[in-house]
1. I need the calculated FRET efficiency for the pair GLU254 and HIS31, taking r as the beta carbon distance and R₀ as 41 Å, to the nearest 0.05.
2. Whose amide H sits under 5 Å from the amide H of ARG91, counting only residues 5 or more places off or on another chain, with H placed in the peptide plane?
3. Between ALA265 and GLN295, take the C-beta separation as r, use R0 = 41 Å, and let me know the FRET efficiency to the nearest 0.05.
4. Within 10 Å, at most 14 other Cβ atoms, and a DSSP state outside H, G, I, E, B define an exposed site. Report the longest part of the chain free of exposed trypsin sites (Lys or Arg not before Pro).
5. Under 12 Å from the Cβ of GLN258, count the other residues' Cβ atoms, weight Lys and Arg +1, Asp and Glu -1, and hand me the total.
6. Where does the chain land at 222 nm, in deg cm²/dmol rounded to the nearest 500, when only DSSP H runs of n ≥ 4 count, each adding -39500 (n - 2.57), divided by all residues?
7. Placing +1 at every Lys and Arg Cβ and -1 at every Asp and Glu Cβ, with all other atoms neutral, what dipole size does region 234-322 have around its Cα centre, in debye to the nearest 20?
8. Kindly state, to the nearest 0.05, the FRET efficiency for ASN302 paired with ARG18, given R0 = 30 Å and r defined as their beta-carbon distance.
Amino acid sequence: MDQFLGLIQEEMELFEKRLDKALYSDVELAHQVARYMSTVKGKRLRPALALMCGKAVQAWDQRIVDAAVVVEMIHAATMIHDDVIDSAATRRGKASVNLVWSNQVAVLMGDFLLSRALCILVDLGDLLALQTVSRATERLSQGEIFEIQIGQQTDTREDSYFGMVSDKTASLVAASCKIGPILAGASTSVIESMGEYGESLGKAFQIADDVLDFTGDAQTMGKPVGHDLHEDKITLPLIHALKAAPDNERTNMEDLLQRQDKGDAEYKQIVAFVEEYEGVATASKCAREYASRAQECLKVLNPSPARTALELAVRLVVERNN
């Protein structure tokens with residue numbers, strides 16, 4: 001990521017300062033949680049994309065830095081809520097907010113971050129930017145709910161998976177890629193192309209994350225390996241393995257997935273099934289296909305260091321190990 005972020009180092013430093021200011025609260029507990037969250041930094045992918053896509057259209061507006069703060073705060077809010085839903089104990093290698101405080105505090109803190117982000121967005125004074133991020137937030141929430149439905153119904157259809165991923169993950173990535181060009185005054189065609197870039201990039205990102213749930217290690221990832229399986233989440237490696245398996249094997253696995261009393265032995269059986277029918281390999285191939293689609297979208301931009309950096313971002317997403 002250092003190579004990607006190098007071009008926007010100054011803007012990222014300003015982003016961190018404005019994010020720190022945006023996290024301030026007069027309520028002592030809220031401020032305390034916000035300060036803790038600032039020590040649990042992620043990849044900053046979404047704000048970096050907002051800044052880099054603004055640079056890539058070869059125009060600039062200082063409001064893009066505040067827009068980057070908005071998308072990061074919305075992302076952080078969803079991560080806090082996710083940890084409550086999943087009863088997660090860690091986030092990026094540190095204790096989760098819900099573990100350090102409580103589910104009640106975590107939910108309300110996520111609500112605070114979301115509402116503060118939308119206030120900042122309104123203050124930017126751009127209706128299209130507000131519309132873009134608001135709709136992405138709506139899609140994100142819908143995707144989160146749909147993911148629960150898929151798990152409860154053991155829905156292993158590929159269409160359901162991609163519908164969920166498009167809303168849950170790709171929506172905010174796409175909004176991040178559009179908001180910089182919107183505020184920079186880019187043409188409609190460029191804005192839409194950057195949104196399509198973000199949509200494909202977001203799907204590739206989620207598929208790569210699904211693969212890492214089978215192949216990563218807990219220390220590098222900052223969360224337990226196999227976490228998705230234990231949360232009964234239906235991910236692409238499993239879907240592809242089910243598709244490749246003989247009918248009787250697929251039926252037996254679907255019956256196992258529906259069991260409510262699964263233990264370590266059963267989860268190991270699921271992992272072995274995915275390995276046997278090359279679910280990880282075919283899912284990885286799919287991630288690369290979406291990465292290729294994202295690269296195609298960048299052809300709307302003139303050659304520039306920022307465009308090169310966005311091409312690099314695509315490679316980093318599918319080659320990452322955390």
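Read the figures in this text as sums done on the coordinates, not as results from a lab. Every value quoted in this text rests on a predicted model; they were computed, and no experiment measured them. Heads up, the Cβs are rebuilt from the backbone with ideal geometry, glycines too, and the neighbour counts pull from every protein chain shown.
1. Step by step, r from the Cβ atoms, then E = 0.25.
2. Residues meeting the amide H criterion: SER96.
3. My answer for the efficiency is 0.45.
4. The reported range is 42-156.
5. Summing Lys and Arg as +1 and Asp and Glu as -1 gives -4.
6. For the chain, the value works out to -24000 deg cm²/dmol.
7. In debye, rounded to 20, region 234-322 gives about 620.
8. The value I calculate is 0.55.
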